[in-house]
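Contents: one structure, followed by commentary.
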Amino acid sequence: MAIDKNSTGYTFLFSIIMVVVVGTALAFTALSLKDRQDANAADKKMIDILGAIGVPANRSNASELFAEYVVERVAIDLNGQQVSATSEAVDPKDKEDPFSIDVKKDYRASVKSAVKAADGDEQALSVALADKNLKFPLFRCVNEGQTLYVIPVVGSGLWGPIWGYVALEDDMTTIYGANFDHKTETPGLGAEIKESFFTVKFKGKQLNTESATLFSVLKGGAPTDEYSVDGITGGTITSKGVDEMINRTLKVYLRYFESETRAQR
């Protein structure tokens, strides 16, 4: 019996077969490339962490340089208490390694909505996040004999997520370096948070531990002091996003630094 290729039934059957075949092919391709994708993501994270302490790296040497400069990886909780720590070689598949903590995913899943609901109320934010079992990674590095602490930060810009790393000197209040990135900020405006002319402004600045505001990213063109930097001109909302994510995140780590300092006395 001849098949009527012009019939509606044939069209539907052909479409279903094509969806199954293409879907299976895409799924197979995704699974076969997953290890490579995970390795690339790990390399990129290493490059960004090293960049915060001024060590240039690329995919070919990221793992080697990371092992050389990053001497310990620590996970802390919302209260600044240490949960785990390791100095072993990084295994991207090891979900218990602080390196594997996905701060971007945690921000999307739990933190972003809590920040919006709290609307600047720190106590309300702490209450909202208290039961989320969040963990925060910290990377202790040594560069030219100096201990440095690299902290990941994640927040929201004008059009989408922004993120980066802030490195503190061994006094835990002086900024050694910083780098930032974004997904969809406006070119020539908010997107310039990733450019060196902006990130270099952070080096040598201080965290104001005596104030409710640790650090300020001001409106472009505003006068600055040791606790602030000039924001991106025309990128006010993105600059505010950098300000918010630095202040919110570093307060968690300062609780850890304070507990460590007390323990050493």
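So here's what we get for this one:
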| read-out | value |
| --- | --- |
| One residue from Gly80, Gly51 being of a type outside the set (Ser, Thr, Tyr), buried (at least 19 other Cβ atoms within 10 Å of the Cβ) and in contact (Cβ under 8 Å) with a residue 60 or more places away in the chain | Gly51 |
| Unique match (being charged (D, E, K, R) and farther than 20 Å from Asn247 by Cα) among Lys104, Lys112, Lys135, Lys44 | Lys44 |
| Residue match in the stretch 186-198 (condition: aromatic (Phe, Trp, Tyr), within 14 Å of the chain's Cα centre (by Cα) and crowded, with 19+ Cβ neighbours inside 10 Å) | no |
| Number of the condition not met by Thr224 [criteria: (1) buried (at least 20 other Cβ atoms within 10 Å of the Cβ); (2) in a loop (DSSP other than H, G, I, E, B); (3) out of contact with any helix residue (DSSP H, G or I) (no Cβ under 6 Å at 6 or more places or on another chain)] | (1) |
| Any hit, the stretch 162-170, residues being in contact with a Gly (Cβ under 6 Å, 6 or more places away or on another chain), surrounded by 15 or more Cβ atoms within 10 Å (Cβ to Cβ), within 18 Å of Leu218 (Cα to Cα) and not hydroxyl-bearing (Ser, Thr, Tyr) | yes |
| Single unsatisfied condition, Gly235 versus (1) in contact (Cβ under 8 Å) with a residue 24 or more places away in the chain; (2) closer than 22 Å to Tyr149 by Cα; (3) more than 17 Å from the chain's Cα centre (by Cα) | (2) |
| Ala25 vs. criteria modelled with pLDDT of 95 or more and either surrounded by fewer than 13 Cβ atoms within 10 Å (Cβ to Cβ) or closer than 18 Å to Asn143 by Cβ (or both) | no |
| Strands (runs of 3 or more DSSP E) completely within the stretch 87-196 that count 2 or more residues being β-branched (Val, Ile, Thr) | 146-156, 161-168 |
| Top-ranked residue in the stretch 49-93 [being within 23 Å of Glu144 (Cβ to Cβ) and of a type in the set (D, E, K, R); ranked as nearest to the chain's Cα centre (by Cα)] | Arg73 |
| First in the stretch 104-123 and closer than 28 Å to Lys45 by Cβ and touching a residue at least 24 places away in the same chain (Cβ under 8 Å), second anywhere and among the charged types (D, E, K, R) and not in a helix (DSSP H, G or I), Cβ under 9 Å, 6 or more apart | Asp106/Lys132; Asp106/Lys135; Ser110/Lys132; Val111/Lys132 |
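The values are calculated or read from the model by the stated rules, or taken from the named source; none is laboratory data. Here the structure is a predicted model, which is why all the values come from computation and not from measurement. FYI the Cβ positions are ideal-geometry reconstructions off the backbone, even for glycines, and counts take in every protein chain you see.
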